[in-house]
Structure formats: structure tokens, C-alpha cells
């Protein structure tokens, strides 16, 4: 297939426009920094983010390349179908639950990152350990969505995928590095609008292609493959529920979410953004759902793609790009490619800012250099963006394993980090010993369930564990079970160590985390402001007059 020159030009124009928007936002952020805390402006936008900008950046962060590509793929897969599309409902529930329960306690103490309450309760050392799962998740997320863009570009433009991966990564790193949250948020506005228009334009063309049968018929009737609406077998119901709860609760404990709700100008505005974003996020899945349904309803022998079908060739992961290329006119496929590029950058910049913010604020400032200046912290953020972004770009070239690692990192965040966050916000009395025990227990318990992508066989065979195509499949809701076990271990170990140390059953000399000392710390004296030079002079004059 020859190089698609018009498509290449359109993509270059789009990238240039995005970069220009990011640079303009960086200039705006520079003006804001002159009148406030530079770190807070870079991380949480000075806590005065415009409502609509905040809403758009929240939606765009979650509606990424993996979201729109993955939704179309699952609908298309003969073994899955619409019934197994969890992301739209799961993310919507995450936004609603986050708005109801998590926003107020996080904003009430004016935290800067998600790690602040964890370090405040469990200390800096434990906080640095808890930083590892979300850091890996952000890097793997960045890498996986770059890989999805590379696959799409290679199909539509006939350009080597690594070129688009490198260009996209460099563009994202540059404007995020210069403008922080302002650049990310304002480019997200452009990207989300473009994504919505492009996908809504592409879906009708795919549905009306002569090779595509009416999707209402193929939803329930088998024609070219199994009905795309899919079904949930009774034996898989527990796993289906487990996956839904995993997305609904596991999607909360991420810095990309709290970065936006902490940037809102008020708690009520942050909650409203969260609620509305949940509904828009679900709506944004509709074009991908229709594209996946169109792919399942297409006689590929009537297209230039030919037979065997994408599923039979093992190319289901690229079904969105294949539909755009073979079922839509050229100019429409170019618009669809722009939508994928917009989706990728809107999520990639968020993950990059998330990991660098936590590293600079929670690791560097609070642990390595407590006396660091604002300017120094900003430079550490920028350096970490380059390092993390470069690492993710390198990983994007091994896309298959990266997707698996991303899912595993997400499960670790759900099983290990989410219970920790719940404890520090809602359950008083938990301590560092409980946190360490919960982290270790949850991590080991998750690995003992096995992981096919890493070729780790399950040691624990939960009820319903079976061998399918040479790999073990856990039908028991082990993700949620692991999360609940972690939560229980944090609470039990915390209260047990508190009792043992307080009653001197275990000598306090073994209290290396100073749990007893913290729980019995005297109330701090009221803090008074330092007197000004004028006040000091007046006190001296009164003292002299008194002596004379």
C-alpha cells in the first residue's frame, strides 16, 4: 500500500496545532506562577481550574487510545461481545463513587497529590513503597497507548509505527514539561472535541458500507461470526462482576483523577465535574461500540482486506484501524486516525504529569531534599518527565507484553493501594505496621493467583479455576477478594500492634515506626505568627520606658 500523503499532512497539522495549544497554555501557566506557589500551579493548576476546562481534561484523561481501541475490540471479538464491555460502566461508577466519598476528605486538607495522606499517616518510607505500583501503572499506561497509536498509524498511513510513537511521545513531553497541568488541560479540550467529532463521523460510514449487514440483525443472529451483543455464561458471572468492581473501585486510586478534582476551585465544583465526567465518559464509548459492531457484521471478503477475517488473522486488537481503513472513505479514515492520536495524547500527557508530580513532590521534596526550592522541584518534575517518558516510549515497541503489564499494574493498584487510601481517609487508627503488612500480603496473594502473561502458574486454585487452552483461568472474583484481604490485614495488624505496644506486651524499643509515640504525642501549642520588625521596635521602646 502506498504512503497516504494527505493523511500524513493532516496528522502533522494536528500535531502542530496541539503543540501550539500546549505552548500557549505553558505561557499562561508562567503568568500564574508569578502570583502563587509554583509547584501547586504546575501540579494542580493553582486550585482555580475553570469548570469546563476541568471537565474536559477529566473526561479526556480516561477516554484514551486504549479506551476507544479496546472497546471496539471487545465488541468485535467472537468470544466476548458487548456484554463484556466493562470500561464505560466501570469508569462512570468510579467517577460517581469518587465524587460521593473521596473528593471532600482529599480537598479538606488541601492535599497536592494522592500520596500526601498516605505519607502523612504511614510516613515517608512507607509512602515511597506505595508509590511504586502507581508509578509502574502510569509508565505502562503511557507505553500501551503509544503502542495503540503506532498500530493504527501503520494500518492507515502505511508509516512505520515507531515513527508515530517517537513523534507523539516527544510532542507530549515538550508541552507537558513546559506548562504542567495547564498545558495538559487545555490541550485535552482540543483533543476531546476533535475526538468526539471524528469518531461520530466515522461510525455512520462504517455502518453504511455495502459489506456491512444491519447490526440490529447480527446482534442476535449468527452470520459471519457469533452475535456481537455477546452473552455471560452462568459460570463466568462471578468473574464478570469482579472485573466490573475492579474498574469501578480500582480506577479511583490514581493521581490522574485526584489531580483534576484537587485543581477545581471548590469542592462542589469538583464533585459536579466528577459526576458529569462519568456520564460523558460512557457516552464517548458509543462510537467505538458501533465500530466494533460494524466489524462483527462485515463480510470481509467483499472488502480489499479479504479473508481470513481480522479475528482469524489474530488482528482483533487493531480492529478500529482496520474498520477505518477498509470500511470508510479515505478522508474519514484520516479523521479517525486524528481521533486516535488525540485520544492517545490526552491520556499520555496525564500519566506523564501524574508520575512526575508524585516523584517531585512526595519523593524528592519530602524525602530526599526537604529544603528544596520551588524552582528546584519544578526542574526535578521536568527531568522526571523526560526519564519516565523515555522509558515508556522504549516499552511501547513491545506492545503485547506492555498491555499485560499495564493490566497487572492496575490490579496491584486495586489490590494494594486502594485499601491503603480507604484506611487513611475513612478508618482512624491504622498505622505503618498495618500498611506494610497489607502491602506485602496483598502483593503476595495477587501473585499466588497466577499471571499468564508473565508465565506465573497459579499456586492458589480458587473455586472454579480451570485449564483453558493450556492456561489456567480463575473464575473466582480473586481481584476483589485480594483487595478485601489487604484491607482486613491493614486494620487487624494496625490494631493488634497498637494494643501490644500500648500494654507493653511488646517492648516499645521494638517500635521502630514510632507508632506509640505518634498516638500519644502531646497537643501542639497554638502557632503564633512571627512579630514584624515594627512590632519588635515597639516592644523594645515599651521595655525601655518601663525601666526608666
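If you take the square roots of the eigenvalues of the alpha-carbon gyration tensor of the stretch 245-353 and sort them as a ≥ b ≥ c, do you get rounded (a/c under 1.5), prolate (a/b over b/c) or oblate?
It is prolate, given that a/c is not under 1.5 and a/b is the larger ratio.
At 7 Å along Cα-to-Cβ for each site, give me the label-to-label distance between residue 390 and residue 268 in nm.
4.8 nm
Would you please classify the overall shape of the stretch 427-518 from the alpha carbon gyration tensor, given that a ≥ b ≥ c denote the square roots of the eigenvalues, rounded means a/c under 1.5, and beyond that prolate means a/b larger than b/c while oblate covers the rest?
Note, shape of the stretch 427-518 comes out prolate.
Cβ neighbours within 10 Å, averaged per peptide: list 386-395, 363-372, 114-123 in order, most packed at the top.
114-123, 386-395, 363-372
By how many nm would the segment from residue 426 to residue 125 grow when fully extended, if each residue of separation counts as 0.36 nm and the alpha-carbon distance is taken off?
Roughly 106.2 nm would be gained on extension.
Exposure proxy check: 254, 27 ranked by fewest other beta carbons within 10 Å?
27, 254
Tell me, what is the FRET efficiency for residue 499 and residue 368 to the nearest 0.05, using R0 = 45 angstrom and their Cβ-Cβ distance as r?
Computed FRET efficiency for residue 499 and residue 368 comes out at 0.80.
For residue 217 paired with residue 453, estimate the spin-label separation in nm (one decimal), with each label point 7 Å from Cα along the Cα-to-Cβ line.
Simple spin-label model gives 3.9 nm for this pair.
Mean separation of Cα pairs under 8 Å and 6+ residues apart, divided by the residue count of the chain: what relative contact order is that in percent?
It rounds to 25 percent for the chain.
Would you calculate a helix-derived [θ] at 222 nm for the chain, using -39,500 (n - 2.57) for each DSSP H run of n ≥ 4 and dividing by the full residue count, to the nearest 500?
-22000 deg cm²/dmol
I need the calculated FRET efficiency for the pair residue 30 and residue 304, taking r as the beta carbon distance and R₀ as 45 Å, to the nearest 0.05.
Efficiency, rounded to the nearest 0.05: 0.35.
Using label points projected 7 Å from each Cα along Cα→Cβ, tell me how many nm separate residue 286 and residue 109, to one decimal.
Distance between label points: 4.1 nm.
How far is helix 286-296 tilted, in degrees, relative to the longest principal axis of the Cα atoms in the chain, given as a value from 0 to 90 rounded to the nearest 10?
That helix lies at roughly 30 degrees to the long axis.
Expressed as an acute angle from 0 to 90° and rounded to the nearest 10, what is the orientation of the C-alpha long axis of helix 267-283 relative to the principal long axis of the chain?
Taking Cα atoms only, the helix is inclined about 10 degrees.
So, by mean Cβ neighbours within 10 angstrom, what's the order for 466-472, 195-201 with the highest one leading?
For the peptides 466-472, 195-201, the packing ranking is 195-201, 466-472.
Decide, for the stretch 389-483, between rounded, prolate and oblate: order the square roots of the alpha carbon gyration tensor eigenvalues as a ≥ b ≥ c, take rounded if a/c falls under 1.5, and otherwise choose prolate if a/b is larger than b/c, else oblate.
In terms of gyration-tensor shape, oblate.
What is the gain in length, in nm to one decimal, between residue 462 and residue 508 on full extension, counting 0.36 nm per residue of separation less the C-alpha to C-alpha distance?
That pair, residue 462 and residue 508, stretches by 12.6 nm at full extension.
In which sequence would 361, 461, 221 go, from the one with the fewest C-beta neighbours within 10 Å to the one with the most?
So the ranking, lowest neighbour count to highest, is 221, 461, 361.
Stretched out fully, how many nm does the piece from residue 312 to residue 331 gain, at 0.36 nm a residue minus the Cα gap?
4.0 nm
Order 213-219, 46-52 from most to least packed using the mean count of other Cβ atoms within 10 Å.
Highest mean packing first, the order is 46-52, 213-219.
Going 7 Å from the Cα of residue 132 in the Cα-to-Cβ direction, what parts of the stretch 235-263 have a backbone nitrogen less than 19 Å from that spot?
The answer is 254-255, whose backbone nitrogens lie closer than 19 Å to the label point.
Taken together, the values in this text are just the output of simple stated rules run on the coordinates, not laboratory data. Since we're looking at a predicted model, the values are computed, not measured. Reconstructed Cβ throughout: ideal geometry from the backbone, glycine too, with neighbour counts over all protein chains shown.
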